[in-house]
1. Scan the stretch 22-44 residue by residue and report those that are hydrophobic (A, V, I, L, M, F, W, C), modelled with pLDDT under 80 and surrounded by 13 or more Cβ atoms within 10 Å (Cβ to Cβ).
2. Asp50 versus (1) surrounded by fewer than 14 Cβ atoms within 10 Å (Cβ to Cβ); (2) within 11 Å of the chain's Cα centre (by Cα): which is the lone unmet condition?
3. Filter the stretch 9-23 down to the residues that are acidic (Asp, Glu) and farther than 25 Å from Asn65 by Cα and list them by number.
4. Which members of the stretch 1-21 meet the condition of being open to solvent by less than 70 Å² (accessible area, probe 1.4 Å) and either within 23 Å of Asp52 (Cα to Cα) or touching a helix residue (DSSP H, G or I) at 6+ places or on another chain (Cβ under 7 Å) (or both)?
5. So, in the stretch 24-50, of the ones that are touching a Leu at 6+ places or on another chain (Cβ under 6 Å) and not in a strand (DSSP E or B), which residue ends up nearest to Val66 (Cα to Cα)?
6. Which residues, counting only those in the stretch 56-72, are open to solvent by less than 70 Å² (accessible area, probe 1.4 Å), within 24 Å of Leu7 (Cα to Cα) and either part of a helix (DSSP H, G or I) or of a type in the set (Asp, Glu) (or both)?
Amino acid sequence: MRITELLDILRDYPQDWEVELVVVAPVDDDDEDITVERYTVDGVLPWNGDGDEKLLWLVGGEDDNVDAFLDAMDD
């Protein structure tokens, strides 16, 4: 993702929110455990942190994993 694309997205959210990069990927293909890895950003998810803290997660990873994660978060 280019900085200009990220800035366009961030303009839609309050400036006092903190941004966190959250990347979800499996440890093993046949395992339910997950690990945090560094990938390009593929999606954005608003999140409530501890207390009144507002966060914006930038989500990345393998395409199928990101889709499954975002679908699970919608449920």
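The values are calculated or read from the model by the stated rules, or taken from the named source; none is laboratory data. Just so we're clear, the structure is a prediction, and the values are computed from it rather than from any experiment. Positions of Cβ are backbone-derived with ideal geometry, glycine not excepted, and every protein chain shown enters the neighbour counts. Accessible surface areas use protein heavy atoms only, side chains included; no ligands, DNA or RNA. Shrake-Rupley method; radii C 1.70, N 1.55, O 1.52, S 1.80 Å.
1. Val22, Val23, Val24, Ala25 - these are the residues of the stretch 22-44 that are hydrophobic (A, V, I, L, M, F, W, C), modelled with pLDDT under 80 and surrounded by 13 or more Cβ atoms within 10 Å (Cβ to Cβ).
2. In the conditions (1) surrounded by fewer than 14 Cβ atoms within 10 Å (Cβ to Cβ); (2) within 11 Å of the chain's Cα centre (by Cα), Asp50 misses (2) alone.
3. Step one: filter the stretch 9-23 for residues acidic (Asp, Glu), giving 12, 16, 18, 20.
Asp12, Asp16 - these are the residues of the stretch 9-23 that are acidic (Asp, Glu) and farther than 25 Å from Asn65 by Cα.
4. First, pick out the residues of the stretch 1-21 that are open to solvent by less than 70 Å² (accessible area, probe 1.4 Å): 6, 9-10, 13-14, 17, 19-20.
Across the stretch 1-21, the qualifying residues are Ile9, Leu10, Tyr13, Pro14, Trp17, Val19, Glu20.
5. Val41
6. Quick first cut of the stretch 56-72, residues open to solvent by less than 70 Å² (accessible area, probe 1.4 Å) only: 56-61, 65-66, 68-70, 72.
Adding the requirement that they be within 24 Å of Leu7 (Cα to Cα) leaves 56-61, 66, 69-70.
Within the stretch 56-72, Val66, Phe69, Leu70 meet the criteria.
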